[in-house]
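What follows is calculated from the coordinates using simple rules that are stated; it is not laboratory data. Since the model is a prediction, treat every value here as computed from it, not as a measurement. Neighbour counts run over all protein chains shown; Cβ positions are idealised from the backbone, glycine included.
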Amino acid sequence: MYVLLKRSVANAAVPVLPCGYTSPDDGIPVVVTNLGGIMRSSEPIQVVIGDVVRLRKPHPCGSYDWTVVRLGADIGLRCHGCGRRVLLPRRDLEKRLKTFLERGPAFEVAAAALAANATETPDESVGN
């Protein structure tokens, strides 16, 4: 059984399987959940310790700027205005993030490692 999904981008019906993945003409994968919800899947934002980020809403002290101090499922942030430390789930940080003001020192190393993995062929990664 197919579900017809109206996409506002292409303004055309795209057949997809329930709970399946499809890659329409615009190249952005769409995930259809059991409950009929639609969400766009994408890579998580690359965040490293030492990044200075600006969030969309201010902290009660009035500052918009935060420094990343912890990584994992929850991201630790330290406020630039009052020094308060908070934990935000990664998903919430990605929603609230407005821009990176400064990238941490480990960002260049992480970007180089990701680029090396992207250029690596499948035969090289297996290792004989």
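Observations on the model:
- Calculation over all alpha carbon pairs of region 52-117 in 10 angstrom steps from 0 returns a P(r) of 21, 50, 24, 5, 0 percent.
- Residues of region 66-109 with amide N under 12 Å of a point placed 7 Å along Cα→Cβ from residue 46: 104, 106-109
- Full extension of the chain segment joining residue 56 with residue 85 gains 8.7 nm, where the gain is 0.36 nm per residue of separation less the Cα-Cα distance.
- Measuring r between the beta carbons of residue 99 and residue 73 and using R0 = 35 Å, the FRET efficiency lands at 0.95.
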